[in-house]
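Only one structure is covered here, and it is reproduced in the block below.
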Amino acid sequence: MTERQLIQQILNTVDIEYDFVNVDTDASDYDIKVFQQKEDNRPITDINKELEHYFNDAGFKYSENTGEDDELAFNIKK
């Protein structure tokens, strides 16, 4: 499994919409924007904690960036 496939698997596990904003596969550096779906009642802070947990367990360094109320932007790096 490639890093990108692992990242996509984590994002799909959390069940959110996302876009890869910047990707540097050579440096294992990914900027990702996550969007909360309208039918999803979880607070974005809970989604952030869940994502951080999964990415830390997978060996990524997780850095959150501030976004809108219904979106989250973050960087992960191996």
Quiz item: What percent of all Cα-Cα pairs in the range 3-77 falls in each 10 Å bin, counting up from 0?
Solution: 19, 61, 19, 1
Quiz item: Measuring from label point to label point, each 7 Å out along Cα→Cβ, what is the D19 to R4 span in nm?
Solution: 1.7 nm
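Given a 1.4 angstrom probe, I'd like the percentage of the accessible area of the chain that is carbon and sulfur, rounded to a whole number.
Working: 2010 of 4910 Å².
Here it works out to 41 percent.
Return the calculated 222 nm mean residue ellipticity for the chain, to the nearest 500 deg cm²/dmol, obtained by summing -39500 (n - 2.57) across DSSP H runs with n ≥ 4 and dividing by the residue count.
Details: 2 runs with 26 residues, N = 78.
It lands at -10500 deg cm²/dmol.
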Quiz item: Counting only heavy atoms of protein chains, what accessible area per residue, in Å², does the range 3-77 have with a probe of 1.4 Å?
Solution: 61 Å²
Practice problem: Relative to the longest principal axis of the C-alpha atoms of the chain, give the angle of the C-alpha long axis of helix 3-14, reported between 0 and 90° and rounded to the nearest 10°. | Solution: 20 degrees
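The values are calculated or read from the model by the stated rules, or taken from the named source; none is laboratory data. The structure displayed is predicted, hence computed values, not measured ones. All Cβ positions, glycine included, derive from the backbone under ideal geometry; neighbour counts span all protein chains shown. Keep in mind that these areas ignore ligands, DNA and RNA; they rest on the heavy atoms of the full protein, side chains included. Shrake-Rupley method; radii C 1.70, N 1.55, O 1.52, S 1.80 Å.
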